[in-house]
Each structure stands twice: as structure tokens, then as C-alpha cells.
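Contents: one structure, followed by commentary.
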């Protein structure tokens, strides 16, 4: 695990780091659009078939939207294939747990293979997200973790990603604080080489299902 220096305000100016990487961020946006367009064409049959399976297994929509917090705290709605029962949050927002009983049978598979995340390619095209970056959290959890973990809001200095350094190094199995350290490491060191490494590790996660809940 990385040193907690990434969590200390006096150690690193993440705002300056982001400001100094404008050329990289521009190129990243161009690649986001190209990759998302190609990936959507390839993924469309998978999304369509999976949506049918979801409808056959349980009542409710195959897709759902959920509010998340993105770049500079801007809120947006993320698109996902439904992997839980429609009444999953009847008692309020809940952090997903291992072997979560709210997850359907189809949901277990699409969460393990990350198929449920494929509709977020639309979010990438819209500019809400990037292919690589910190995973977007729900506003309620951002507020909670910002109170509990100093510096948590620094994750909002870059666009959230479809896959990220924290996801390929632990996924759902690491704590919010550990996730933050990975995310801040990414922000400090983000470049095309690191993005390619995340891509390679993402393929491994898709094959093995590591870190899924």
C-alpha cells in the first residue's frame, strides 16, 4: 500500500498537478470519445442480451440511473444495468457488501464480469466520465467520507472513470481510505503509460472477477 503522504494537504498540491497536465487531459478526452464509440458498438449486443435476462429474472427495468458526483463536485446520473432487486434501497442508501443478498442471480454474474458498468460508456461520450479515473461515488457517501477521511474530496479534481487504479488493485474489497490513497496516487502520476497499465489490469479483472461484490 502507498504511504499516507497522499492524504496530507501539506505534502502535495493536487490542484497544481491537474493544472500542469492540460495537454494530457485533452488527449485523454479525445481517446475517451474514440474508445467509447468503438466499445459501444462491440458491447451493444452484450448489453441488449443481458437486459433481456434481467427482465426475465425479476420485475422492474433492466437499466437504472443513479446520482453520482463527478469533476469538481458536479452531480450527474450514471447509467447501469440493474444487478439488484428493485427494492434494494427501501431502507435508504447502503454500501454494497460481499455476498450482498440484494443482488440477483443475473446480477452476481454481471457484477463479477463488470457487464453492469457497460452503459457508462454513454456517460463517457457525454463527458461526465473518462475511461480511466477514480470511480464516481454517490453524493451521500462523498459527504460521509469527506467528514471521516481528510482529503477525500480531492478525488473530484479529475473526471471519474469507468475503471480506475483503485478498482484494479482491490476493487470493492478495499476500504474508502485505501481507495482514496490509490486514487490520489493516480492523480499525482496520471499519464498514458499508467492508463495503459490500468487497461491491462482491467482485462485481468474482467477475466478473473477479482474484487467483485
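The values are calculated or read from the model by the stated rules, or taken from the named source; none is laboratory data. Computed from a predicted model, the values in this text were never measured in an experiment. Every residue, glycine among them, receives a Cβ derived from its backbone with ideal geometry; neighbour counts consider all protein chains shown.
So is residue 145 surrounded by 14 or more Cβ atoms within 10 Å (Cβ to Cβ) and closer than 28 Å to residue 62 by Cα or not?
Values: surrounded by 14 or more Cβ atoms within 10 Å (Cβ to Cβ): yes; closer than 28 Å to residue 62 by Cα: no.
In short, no.
Filtering the range 160-187 to residues that are in contact (Cβ under 8 Å) with a residue 60 or more places away in the chain, in contact with a helix residue (DSSP H, G or I) (Cβ under 6 Å, 6 or more places away or on another chain) and either surrounded by fewer than 17 Cβ atoms within 10 Å (Cβ to Cβ) or under 17 Å from residue 71 (Cβ atoms) (or both) leaves 180, 184, 187. Taking the range 118-203 and the helices (runs of 4 or more DSSP H) fully enclosed by it, the elements with 2 or more residues that are at pLDDT below 95 and farther than 25 Å from residue 26 by Cα are at 139-148, 176-189.
Is it the case that residue 51 is over 19 Å from the mean Cα position of the chain (by Cα), assigned to a helix (DSSP H, G or I) and modelled with pLDDT under 90? No, not satisfied.
Can you tell me which residue within the range 96-117, out of those that are surrounded by fewer than 12 Cβ atoms within 10 Å (Cβ to Cβ) and within 18 Å of the chain's Cα centre (by Cα), is modelled with the lowest pLDDT? Show your work before the answer.
Step one: filter the range 96-117 for residues surrounded by fewer than 12 Cβ atoms within 10 Å (Cβ to Cβ), giving 97-99, 101, 105.
Okay, now just the ones that are also within 18 Å of the chain's Cα centre (by Cα), so 97-98.
On the way: 97: 58, 98: 63.
Residue satisfying both the conditions and the ranking: 97.
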